[in-house]
Amino acid sequence: MLAACVFQWALIASRVKTILGLALDFHNVEQTLSTGGTAPAVRTRCEMEMDRIEKQFDECVVFLLRVGF
C-alpha cells in the first residue's frame, strides 16, 4: 500500500515538473516572438512549438485531474 502511494506521488511530481518545464518553454517562445522582426520561418517554428507545449500541458492536466490532484 505504501509503495503504491509513493509511486503515485512520484508520478504526480513528475507531471508537475513537466508543467514547470513547459512554462519555461512557453516563456522562451514568447520572448522569441516579442523580439519583433522575426523571420517567417522562425515564427512558424514558434507556432509549432506553442502547439506542442499546449498539447503536453493539456495531457498533464488531464492526468492530474484523473488522479484527483
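The values are calculated or read from the model by the stated rules, or taken from the named source; none is laboratory data. Computed from a predicted structure; not experimentally measured. All Cβ positions, glycine included, derive from the backbone under ideal geometry; neighbour counts span all protein chains shown.
Okay, here's what the table says:
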item	result
Qualifying residues in the stretch 9-43 (those that are aliphatic (A, V, I, L, M) and farther than 19 Å from Leu65 by Cβ) - the one modelled with the highest pLDDT	Leu24
Any pair with Cβ under 6 angstrom, 6 or more apart, that starts in the stretch 35-46 at a residue that is without any contact (Cβ under 8 Å) to a residue 24 or more places away in the chain and ends at one that is among the β-branched types (Val, Ile, Thr) and not in a helix (DSSP H, G or I)	none
Count of the stretch 6-33 residues which are among the aromatic types (Phe, Trp, Tyr) and more than 30 Å from Glu47 (Cβ to Cβ)	2
